1. Can you find a residue in the stretch A:175-195 that is away from chain B (no Cβ under 14 Å) and at pLDDT below 85?
2. Regarding A:LYS102, is this residue modelled with pLDDT under 85 and surrounded by fewer than 19 Cβ atoms within 10 Å (Cβ to Cβ)?
3. Residue pairs, Cβ under 7 Å, 6 or more apart or interchain, first in the stretch B:366-395 and assigned to a loop (DSSP other than H, G, I, E, B), second not aliphatic (A, V, I, L, M). List them.
4. Just name the residue that is modelled with the lowest pLDDT out of those in the stretch B:4-18 that are under 23 Å from B:SER51 (Cβ atoms), exposed (fewer than 14 other Cβ atoms within 10 Å of the Cβ) and not aromatic (Phe, Trp, Tyr).
5. Given (1) in a strand (DSSP E or B); (2) under 19 Å from B:ARG45 (Cβ atoms), identify the lone condition not met by A:ALA30.
6. Taking the conditions exactly as written (in contact with a helix residue (DSSP H, G or I) (Cβ under 6 Å, 6 or more places away or on another chain) and at positive phi), does B:ALA313 satisfy them or not?
Amino acid sequence: MSKDNLNSFSGSNDYVASEELMRAVNIAVALEKPLLIKGEPGTGKTMLAQSVAKALGKKLVIWNIKSTTKAQDGLYVYDVVQRLYDGQFGNAGVDDVAKYVKLGKLGEAFSDDEQVILLIDEIDKADIEFPNDLLWELDRMEFYIPETGETIKAKQRPIVIITSNAEKELPDAFLRRCIFHYIEFPNEELMREIVKVHFPDIDENVLAQVTAAFYYVRSLKEIQKKPSTSEIIDWIQALTLSGIPAERITKEIPFAGVILKKNEDIDALERAKARSLFPFK
Amino acid sequence: MFDSFLYLLRSKGLKVSMTEWMTLNEALDKGMTHASFSEFYYLCRSVLVKSESEFDKFDGAFLEFFKDINFLEDIPEELMNWLNKPQETPGNYDEEIARQNLKLDYERIEQMLRERIAEQDSEHNGGKYWVGTGGMSVFGNSGKGPNGIRVGGESQHKRAFRVAGERHFKDFSEDKVLDTRQMQIALRTLRQYSTKTDAPKTELNIDETIEETGNNAGRLSLVYDRPRKNTVKVVVMMDSGGSMDYYRKLCSQLFTALRKSNHFKDLKFYYFHNSIYERLYTDGECIPGRWVDTDTVLNTLSSDYKLIIVGDAAMAPYELFGGGYYNYGKTNGIDWFFKVKHHFTHSVWLNPGEMQYVYGNYWRETLGALQKVFDMYPLTVNGLESALKKLMVNR
């Protein structure tokens, strides 16, 4: 595969991807394997799929997983209740079972004429067995509907991106079939780029102060819930709206409530600020 | 040709399967590494390793296997040698050069590195052009330039954006001590659904009923299922006070995790101080009076409760084997432990403390004795997982 292959991803205008991440995406696309993305909340796992879809100019199909989601839901749903209703009133077409079979997200992705990006979001939310139930379907890119005797086969093999918050261990058999990438929390350099994507006109001095303060807060051992990318974005919003001068940002860390969501964490920050070791005195 | 790499990885405890190995070979056949060694590294890692907690193991094995290959293309050995002995030349930080260097992009720097290697013939430290140590140029190590390629040495200023062999995923290694979330996830292994057992079919299956009724031309036809509920019951006996104070935080996390995992059919907590005797305390304070007879507990809890004992098993030997004034004439602690263990079909011991048995150490005598009675596991991610698996196996 050459680097200028059509299906080659190199980040998009609104998403800053690290080099490793782009590499992983391209490997997964070339090998036709699902790409499993793990990482801290707020490192942009879900955004990645949107960005890949945009960069490759493909349609994105999102399957959001909840704790009650079953593998079956992604394939198809057989609406027995509707059929029963129709049966009671003798509506036409009750004999036609296919009328009551509705494709799920996976089915939708398979039956699309064009190649699509299928995002299976937060796969670890579901039951432990969930990923195993999808092994065959993701491997063969087809499934069988016994009610209609029909086999749904992918017309164009979709690019599958799966995200996980590492809440549950995923089964080995499933992992073996995936390309794995772990998104590390962005370092200061990358974070500055990310912020600039959201605030193109941000003052360099303000940006430097904000990231310094932000990474200081993240480095505190006492903090239980570390702030993530979305929090720094909100924080900059709050800081610019209030017009606080740049030199006060590190000194006072104003609006700490925007980046820290727990009372204990805010107290911990106050204690850290009072210490003689506080770096921004 | 490099199949031995697979076996090295497997011997390091990475569960690399044939599927993954074939995938890697397929990728290599497709020429996906673009003949670059770092591309090759990332390709291997994303195909063969499936958890960030194993990145460190992988990095170690990778370095071991490919140690004779220089990470940064063709750097002469003598260059590597002097780079690995940095000499600080303080006070040479130059803002102007830093700013200029920041403008350089990655590819440009790599190209410059290749040019310099071709030109350079001697050691340079503290400069701003050649590959050297402690300087302002974009190559070398221990430098103060804001970006660039590190060539050898230790990462002192953490700035080089291509650091090979740094093994910075060490923190994710699995043997670190647990936090509550990890514990809760681990505790989910303690599940056994009654659908899998032979419970009576008592729950109406609505979907199937409607389906059957539909097939039956609208005449009602009911379908029943076994209820899907967790049948696992757990009893926890926790050592409290004394030497356990060191592990109070860890134990309270385990306590919270157990309380939060509300999927058990029943969950009981009892406490003891150092050793179990004829009474178990009902709260962690171990105040005399707030207790129940151990025999009563054993009589009321059926043997299918899973027993988890938490304790460091460190106590004065007489507390376990008798002979002290404290428990004179009573059943020995060790006998109580035997009795409790034999009442339950499944039991494990979780030890938050040191588990190494040292012969002749006064406080470790009891540890050895109790390890013979119970399957003892350390209270870490791996330890808890193995312990819980042990609780679920059929005997």
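The values are calculated or read from the model by the stated rules, or taken from the named source; none is laboratory data. These numbers come from a predicted model, not from an experiment. Neighbour counts run over all protein chains shown; Cβ positions are idealised from the backbone, glycine included.
1. Looking through the stretch A:175-195, at least one residue is away from chain B (no Cβ under 14 Å) and at pLDDT below 85.
2. On the way: modelled with pLDDT under 85: no; surrounded by fewer than 19 Cβ atoms within 10 Å (Cβ to Cβ): yes.
Here the answer is no, as A:LYS102 does not meet what is asked.
3. What qualifies is B:PHE374/B:LYS341; B:PHE374/B:SER347; B:PHE374/B:TRP349; B:ASP375/B:TRP349; B:ASP375/B:LYS390; B:LEU379/B:ASN351; B:LEU379/B:PRO352; B:ARG395/B:THR345.
4. Filtering the stretch B:4-18 for residues that are under 23 Å from B:SER51 (Cβ atoms), exposed (fewer than 14 other Cβ atoms within 10 Å of the Cβ) and not aromatic (Phe, Trp, Tyr), the one modelled with the lowest pLDDT comes out as B:GLY13.
5. (1)
6. Numbers: in contact with a helix residue (DSSP H, G or I) (Cβ under 6 Å, 6 or more places away or on another chain): yes; at positive phi: yes.
Yes; evaluated as a whole, the condition is true for this residue.
Matching residues to (1) surrounded by 15 or more Cβ atoms within 10 Å (Cβ to Cβ); (2) closer than 21 Å to A:ALA49 by Cβ:
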position	(1), (2)
A:TRP63	yes, yes
A:LEU84	yes, no
A:GLY90	no, no
A:LEU118	yes, yes
A:ASP121	yes, yes
A:PHE143	yes, no
A:GLY149	no, no
A:ILE152	yes, no
A:PRO158	yes, yes
